[in-house]
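What follows draws every value from the coordinates through simple rules; no lab data is involved. These numbers were taken from a predicted model, which means no experiment stands behind them. Note: ideal-geometry Cβ built from the backbone for every residue, glycine included; neighbour counts use all protein chains shown.
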Amino acid sequence: MFEGIKQILNNAYKLSETDAWFFVITTREVEEEIIRMNTEDQLEEDGIDSENNSLGEYSLRTIIEKIQKGDRHDHVTLKDTGAFYNSFLVAVDRSGFSIVADDVAFYDRPLTEVYGIEILGLTKENTAWLGDFITFQYGKYVRERLLS
């Protein structure tokens with residue numbers, strides 16, 4: 001009976017907050033959610049950057065082109081071919097994470113120069129939601145480690 005408790009305590013002693021952070025934040029599920037919130041929720045759906053600033057409106061010519069392609073045209077989305085969205089990655093270190101993307105390969109000027117570095121990041125609302133999501137994942141990680 002006490003062997004099980006001793007094993008859990010031994011596993012608890014081995015827990016590392018840094019290991020847990022890296023394990024949770026680098027899971028495919030968490031990385032995909034961070035990128036989805038940035039690209040789909042903020043840029044495509046709302047047309048905003050991480051500071052809730054509008055990316056602006058398309059010119060009449062671009063609106064016509066977008067309508068013909070069946071693309072969203074009521075605000076700037078930075079999606080055009082999808083190559084920019086597909087280049088998004090999550091870079092993780094001990095102090096947190098950042099979102100990086102190739103904003104120069106497909107355009108004449110870097111998108112961060114045109115629209116600001118704030119296009120790569122999460123709004124306060126999405127950051128708060130992500131905190132809850134990560135906390136849940138962190139709890140799963142700790143339970144698994146304690147009971148292994």
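Judged by the mean number of other Cβ atoms found within 10 Å, the most tightly packed of the peptides 116-129, 29-42, 87-100 leads the ranking 29-42, 116-129, 87-100. Rg then Dmax, both in Å and based on the Cα atoms of region 1-68: 23.0, 74.
Couplings 3J(HN,Hα) for region 39-46, derived from phi with the Karplus relation 6.51 cos²θ - 1.76 cosθ + 1.60 (θ = phi - 60°), are 7, 6, 5, 7, 6, 6, 6, 9 Hz, where x marks Gly and Pro.
Computed over the chain, the per-residue total of -39500 (n - 2.57) for DSSP H runs of n ≥ 4 gives a 222 nm mean residue ellipticity of -14500 deg cm²/dmol, rounded to 500. With the highest mean first, a sort of the peptides 56-63, 72-79 on other beta-carbon atoms found within 10 angstrom per residue produces 72-79, 56-63.
Projecting the Cα atoms of Y85, V30, Y107 onto the charge dipole of region 2-146 (Cβ charges, centred on the Cα centre) puts V30 farthest toward the positive pole. Pairs of lysines in region 2-146 whose Cα atoms sit within less than 26 Å of one another amount to 7, provided the residues are eight or more positions apart or on different chains.
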